[in-house]
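Below: the structure, in structure tokens.
The values are calculated or read from the model by the stated rules, or taken from the named source; none is laboratory data. Everything numeric here is computed off the predicted structure, so don't read it as measured data. Virtual Cβ from ideal backbone geometry, glycine too; neighbours counted across all protein chains shown.
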Amino acid sequence: MNPSNDPLRREQIRKEMAGRTIPLEQRKKISETMKRRLDEPEIKAKWRKAATGRVHSEATKEKMRMVRSKRKLTKSQLKSKLDLIFSKYIRLRDSTLVGDERIGVCITCRKQIGAVGRRTGQAGHFISRRFMSTRYDEKNVHLQCARCNMWGAGEQYLYSIEVDKLYGAGTAQQLHEKANSTIKITEQELIDLIEIYKEKIKDIDKDIPKPPVDVSVFG
């Protein structure tokens, strides 16, 4: 059996070699031999090719990222993207910059919470987000703590009281009625809403107020 194919023999040789002390003259000869090898045109060409390959690899990755960004998203993907952007807008809308942090108040328990970053509040829906008619209605979504939104099932009764306080008596009932209406939002309308809320987020950063979007015009 070839010793090079025997793991035990290879380990034994490695240990023997590790315990050896190579004389200074021999080390110099090895070093000079390696330098000569590295100066050979063939070796230099291999190094250049490897280095060029790494650069091209990064360029290729960037190109692929650009292609993916321009690729047409499915309706489900557009909806998920809009959900993220809309959620960020709601959390920013319902908070104030305090120092270097945005702070807001939970719509239902009135607890003070952060709006962005780790352990922050959420964009809680009064009427469940499964109803498309009210999913992106700004009156239906507000900053809410995780306890109320998730473990408290949205605290819908308290939520309805706060909604009526904010927008007038009967608003909660109007949202219930609106949720029962059927709308169909197209891919292009989702794209339009994404762009609208991107701009609204930019305007919040500049402290420029914008009126709510009337989602009922879609579908």
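Miscellaneous remarks
- Answer residue from region 120-130, given it is within 24 Å of the chain's Cα centre (by Cα) and assigned to a loop (DSSP other than H, G, I, E, B) and is surrounded by the most Cβ atoms within 10 Å (Cβ to Cβ) among those: GLY121
- Residue in region 67-82 that is in the same structural domain as GLY117 (by TED's automatic domain parsing), touching a strand residue (DSSP E or B) at 6+ places or on another chain (Cβ under 9 Å) and either in a helix (DSSP H, G or I) or at pLDDT 75 or above (or both) present: no
- Residue ID - farthest from PHE131 (Cα to Cα), chosen from residues in region 159-177 that are aliphatic (A, V, I, L, M) and crowded, with 17+ Cβ neighbours inside 10 Å: VAL163
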